[in-house]
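As structure tokens, the structure follows; a few thoughts come after it.
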Amino acid sequence: MALKRTIAKLNDYQDRLKDKKAKQIKVKHVDKIISKLEAKKADLDKEFHEATKPSRKERLKRKRKVLRDQIEQAEFLRKEILKSQK
Amino acid sequence: MLKRLLLPVILTMLILGFVNSQDFQEIAAGVAIFLFGMLMLEDGFKLFSGGLLERVLERTTDSLAKSIGFGIVSTTIMQSSSLVSVITISFLSASLITLVAGVGIIFGANIGTTTGAWLVAGFGLKVKISAYALPMLAVSIVLVFQRSKYMRGAGFVLAGLGFLFLGIHHMKEGFEAFKDQFDLTRFAMTGVLGLLVYTFIGAAATVVMQSSHATMVLIITALAAGQVSYENAIALAIGANIGTTVTAIIGALTSNFQGKRLALAHLIFNVVTAGVALIFINQIVWAVDWVSATVGIGDDDYALKLAVFHTIFNVLGVAIMVPLMGRLIGFLERTIAEPEPDVSKPLYLSQAADEFPATMELAMRKEVKHLQDNAIELIAHGLNLHRHEIYASDDIAATVAASTEPLELDIDEVYEARVKTLYSAIVEFATRAGTRNLPKEVVERIYSLWDSANRTVRAVKAVKHMRRNATVYTSRPQGEATDLYNGLRTEIARILVEIHDLDESDTEIRSSLWLDEERVQIERDRRNTTRMIERLIRDQAIGATTATSFLNDSGYAYEAMSDLIEAARVYYIETEGAMAEVERILTLGEDDVEEMSAGAQ
């Protein structure tokens, strides 16, 4: 479902781009965001390995899952942008 | 008193002049048209601000030499050192540039303003300038009625130049005719007394006209018509430089301490330069003669020689002051000390920040951050927590559980003083921005920041509602109820820590997307809390009264958490360019948050 919504937002962006109401996304922009998400993931991974309390570990596990999903969406976006640039 | 008297005195003098001399009317009208042209020029350049002007200013002021260069170039283009001074004060007040850069620009502006004298002496007096003025005015009015902001700006600039030329023409004509009936040179004074008296007259004329540029034009046209002596014209030019500091001082009255420091620097520069020039007047006049002879200016072309003098005089001032820059900055910082910040008052929304789009947006951003800091402090204290303890904690739940001491705090009073006051100023400022002719995207960003401030205030209000019960149930152990309230306090504390971590992160690697996990977490906790309270009621572990109170308070707590996260997200989100588009696509929507929180119980 999340992927479906990302596609919908991507379509909306492309419509706005056609109307010159959006700035064109290039692969480097998506890469920059992926690197920001990766930086947060590295922090969470470190926290997760250092955590001892089970409740804290569980909480961090769920946060990492959300972040992984976001990185996946970003990688999907990267592919789509790459395709559109060819 | 003096201010109240000034207007009737000026009006009386004008009327007397009009009655007695037709030519005086022409000179006065010439000055008025010239000043009107300057106002149009300023308005025109202001339409170009909101992007280009600010970006150039930001990038070209990272060293003293560049700042001086920027001051020279911008004043040459805009033909107004006053406008450059006002822009500089605005940018300095908004901390967009440093004090050293600001002082450098002012020094440069003093050199740049001398190009006006060259323009008039070298061009205005030598050709029939009105021949250029009239077509310029005709074309400008066509541009002024265009829809595009930049076309209108160009129209105002062109009209401004047209009026400047027309004003010069009328002043020139007026003096030419005036000399046939009345010889002003009868009032010429020689020696030290002449220097001092005419310096004072030059300063006074500039204060009245609020423009050294207009004074210089008046002096040059009078000099060319033989109505003042060369010696007295030099003293008038020195006086004009002193008088121009008044514009900067007026501009600084509504600015913060940095703006006031800059105005003082301007005053010091002009007074020191004038002092040195008056002492070494003979040597400077000799230098003017030498330079004039070298570049081929005629011995009796006093108008151009005055332009040479004006340039040498201001370059000399910069040459004297630059080596003393360190001392000057030290003196300014000692004389006008940075005031202890009063956190209950707006720190950045000064009138000086109101002048230009970039400073408006930056001032708004800083004030919203100021509000956020005050709000977060109040939220933590409202829950009897200390920020430094939760920020440093490895186990937030344990830190919160250990914080049982109620803080002495009148939350309503602190809310009024430190949150509501700032929020009111922010609302007023944002509303004002909406009525100004700002670029659409700047207004949108200012409104987003307003939204962020609004959510922050809502979060504080929510915590205000739950403070009483949170204190009652957590200051001494009361079984399940204490655990429930400590749970809420812990969740809010975690949000405060997340926002703090985001704020402290390197700006190059942080992203508002980091907050999405917290949004999912809040939604998940909200669901779990409802389920838990249902179970506790079913098991009769808590009474109905406690359960009702807790349900109400948990509503407030989750409202506060959502608002805090949303406020931070809006504040830290990318606002410009393609990066903003990427974030917009990847940000979780409400449906995503709902789905993800339901999927991972």
Return an integer: the convex hull volume of the alpha-carbon atoms of chain B, in Å³ per residue. 189 Å³
Computed label-point distance, nm, for sites B:Trp290 and B:Asp539 using a 7 Å Cα→Cβ extension: 9.8 nm
Calculate how steeply helix B:191-209 sits against the longest principal axis of the alpha-carbon atoms of chain B, using the helix alpha-carbon long axis, and give the answer as 0 to 90 degrees to the nearest 10. 50 degrees
Simple spin-label model, 7 Å along Cα-to-Cβ: B:His386 to B:Glu338 in nm? 2.6 nm
Compute the acute angle (0 to 90°) between the alpha-carbon long axis of helix B:230-243 and the principal axis of greatest extent of the alpha-carbon atoms of chain B; round to the nearest 10°. 10 degrees
Once the in-chain neighbours fewer than 8 apart are removed, the lysines whose Cα is under 21 Å from A:Lys57 read A:Lys40, A:Lys41, A:Lys46, A:Lys65
Those GluC sites (Glu not before Pro) from the range B:325-418 that are DSSP loop and have at most 12 other Cβ neighbours within 10 Å turn out to be B:Glu408
Relative to the longest principal Cα axis of chain B, at what angle does helix B:2-20 sit, 0 to 90 degrees, rounded to 10? 30 degrees
Could you point to the residue in B:Ala287, B:Leu484, B:Ile312 farthest towards the positive end of the protein assembly as shown's charge dipole, with +1 and -1 charges on the Cβ of Lys/Arg and Asp/Glu respectively? B:Leu484
Exposure rule at most 16 other beta-carbon atoms within 10 Å, DSSP loop trypsin sites (Lys or Arg not before Pro): chain B longest free segment: B:148-435
Using θ = phi - 60° and Karplus 6.51 cos²θ - 1.76 cosθ + 1.60, couplings along the range B:159-165 (whole Hz; Gly, Pro as x): 4, x, 5, x, 5, 4, 4
Give the calculated FRET efficiency between B:Ala32 and A:Arg16 to the nearest 0.05, with a Förster radius of 41 Å applied to their Cβ-Cβ distance. 0.25
Looking at chain B, identify the longest residue range that excludes and avoids all chymotrypsin sites (Phe, Trp or Tyr not before Pro) in DSSP loops having at most 16 other Cβ atoms within 10 Å. B:281-601
Dipole in debye (nearest 20) - chain B, about Cα centre, beta carbon charges: Lys, Arg +1; Asp, Glu -1: 1900 debye
Backbone N under 18 Å from the B:Ala319 label point (7 Å along Cα→Cβ), restricted to the range B:99-120: B:107-115
Point-to-point label distance, B:Asp412-B:Ala65, nm (Cα→Cβ direction, 7 Å offset): 6.4 nm
Please give the FRET efficiency for B:Ile10 paired with B:Ile249, using the beta carbon to beta carbon distance and R0 = 22 Å, rounded to the nearest 0.05. 0.65
Proxy exposure order for A:Arg56, A:Arg16 (fewest C-beta within 10 Å first) is A:Arg16, A:Arg56
Helix-only CD estimate at 222 nm, as mean residue ellipticity for chain B, using -39500 (n - 2.57) per DSSP H run (n ≥ 4): -25500 deg cm²/dmol
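Each value in this text was obtained by applying a stated rule to the coordinates, not by laboratory testing. Quick caveat, the model's predicted, so the values are computed rather than measured. Backbone-built Cβ (ideal geometry, glycine too); neighbour counts: all protein chains shown.
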